[in-house]
Each structure stands twice: as C-alpha cells, then as structure tokens.
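To start, the structure itself, in structure tokens.
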Amino acid sequence: MSLSDEWLLQQKLAITYAQALKPTANTSKVLKIKKMFSALNVKKIDQISNIIKGNLKPKPRIQMTIKSPSRKQVIILMSSENNSNFMKNLATHVVNINKLLRNAKSKILVNHIYSDPLGISVITNKVSQQSDLQIIDQYVKNSSDINTLQVDELHLPQSKSYLKIIGIPFFSHGNSQDHLTSSDVEAILKQNQIFNNINLASKLRVIKVSPKSDMSIIWIDIWDVQSSSKAKMLINRYFNVGRYIVTIQRTNMNSGVPQCKNCWKWGHATFSCKIQGYKYVKCNSPHKSENHCKFGWCCKVNKKSNPP
C-alpha cells in the first residue's frame, strides 16, 4: 500500500470530537475490511463498505417503448407508382383536402404533404380524429391518378412496446417433436380477454429459455401510445394456458438492426452513411436502381439480358 493510499485512508477514518460521541460502526467495519484484505487500496475498500451497507447503485430502468413520431400527421402506405403520380399535383391536393375538411367543420388543416419510400405523409396542424381520417382516406382513394388497389388503410403514427410471456412449456403434451409455434400462441392470446384491445406490431417469437430447458419465452411487440398505457395494463398480469399459469413481463425495447438504403450494409441508418454516392443492392455497383440498365456491368455487357 502506497503512502498516498495510507493518507487517504487516514483522512477517511478521521473523525471530530462531536462525531466520536455518536455511536457508529462504519469506522470499525472499514478497519476490519482493511485487516482482512490488506492488499486492497482505498477505492476497493470503499466499494466493499458500500456493498455491506447496502449503498448499491439502482438497477437501470427498463425502456420497453419506442416513441413514435409526432401524431400530427397521417401515414398512407401506397406503391411507388401511386406515390409519384400523387405528388405531381401536390399543391392541388392540399387545397382540395382543406376544402373538404372546412366543409365538414373540422379544425384540422393540412400544412403540407411529403413522400417517403413506403408512401406519403400528410402533415396536419392537430391530431386528426376518426372523421378527419375518413375524409382524407376517401379523397386519396377517389383521386384520378391513384390506383385504389395499391393503397393501404391510412393510420396515425404509433409507438411500439415490447413484452415477454414466461411460464409456457416449449413442448406440447410432452412430445419433443411437437413444439410451440407463434400461431399457437396467437390463438391462445385471441381467446384471452385481456388481449381484446391489443394489436400485435409484428409476428410473435417463441424461443427456449435455455438449450436444455423445456420452458419457453414468448416475445410480443404491441402497438401502443407514448405513455405505454396499453403495456402497463398487461405487465404482471397472469392467465391460464391449460394447467399452467403464465406471466406477462416488461422487457427492453429492441428496434432491430438498421440497414442502410445507400450502401445496403447493416448497423447504421441511411442518414448516417459515410459513403458518397449510391450502391445498387443486386450488383453492388455505384448507381441507383433506376439506372441499372445503363450502368450495371451485369446487364450492360449482355445486351440480350432482361434487367430488373
């Protein structure tokens, strides 16, 4: 033990006359630790003392909900062809939608519309109600430059919460050949009333607790709001699956591994890509998908090929 460590230990053990009158066991505990572990420095002794006194750091809070973007927008999923045709008359569509909303005496106004790879987003001044969503939906689907068959139902942005169900056996009826599947769990959830107002955000995932275990963990992702109200209604709830009593618990959110749409590599988003230019996913050449016929080495050399 160095001289500096001894000095720090003496400073830690130094007490005033008023403090000496008060009964305390901290000093004696530190001295006992020092006698038992003479090779430890002051920091290690302090850590052991805190463990004995129970002054441990609080457990990290589980973040189970991914916050959604602003709900002052309406998301409409459609094909890329519908997207490009609809955006040609963008200003006209904004004016027409606002006229319909005013005629219905709605307080919602459309500020602007922008496109993304999956469809369009209608930005509004307030959160749209169900009647406003119906007006916007009817206008878009009745538009002359839209193929209605390639337009999905519009919706507001939603948050996603992550939960897990424990206590269900992995093998049904004790048969090692017949294990639990996601469709089996979905049928079980539909029969239970606590899941009546719950919508799944993705397919259920069923895994074994460990390679040698016969129990399973079911990971479920549900659509929720930013306050996680739907998830909080399910956490620590019990329900029966046959003769087993299973539990719903919260789990850390897992948004998945992002894939860049620029270089098509995993692990980073498109906006943070450091590669200048583009890469086409099928031939890994530096051009966009619409210019593949002109610049793609696989199609440019073979003139008789049928490029994608």
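Any read-out appearing in this document is the output of simple, stated calculations on the displayed coordinates, not a laboratory observation. Since this is a predicted model, take the numbers as computed values, not measurements. Every residue, glycine among them, receives a Cβ derived from its backbone with ideal geometry; neighbour counts consider all protein chains shown.
Structure values in brief
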read-out	value
Order of His155, His93 under a 10 Å beta carbon neighbour criterion, fewest first	His155, His93
Cross-link pairs beyond the 32 Å C-alpha cut-off, checked among Lys230/Lys288; Lys107/Lys203; Lys72/Lys261; Lys44/Lys274; Lys164/Lys265; Lys88/Lys279	Lys230/Lys288; Lys107/Lys203; Lys44/Lys274
Segment 139-156 versus segment 180-227: alpha-carbon centroid distance in Å	32 Å
Base-10 log of normalised Debye intensity for segment 73-150 (one unit scatterer per alpha-carbon) at q = 0.22 Å⁻¹	-1.00
³J(HN,Hα) computed for each position of segment 261-266 - Karplus, 6.51 cos²θ - 1.76 cosθ + 1.60, integer Hz, glycine/proline x	8, 9, 9, 6, 9, 8
Placed amide H near Leu109: partners under 5 Å, 5+ positions off or other chain	Asn125, Lys126
In range of the label at Leu118: residues from segment 141-158 whose backbone nitrogen is under 18 Å from the point 7 Å along Cα→Cβ	150-158
Loop-resident sites, segment 65-154, for trypsin sites (Lys or Arg not before Pro), counting at most 10 other Cβ within 10 Å (DSSP)	Lys105
Residues Trp223, Trp266, sorted so that the one with the fewest Cβ neighbours within 10 Å comes first	Trp266, Trp223
Contour minus Cα-Cα distance for Gln226 and Ser79 (0.36 nm per residue)	50.0 nm
Chain lengthening between Asn98 and Asp184 when straightened (0.36 nm per residue, less Cα-Cα)	26.3 nm
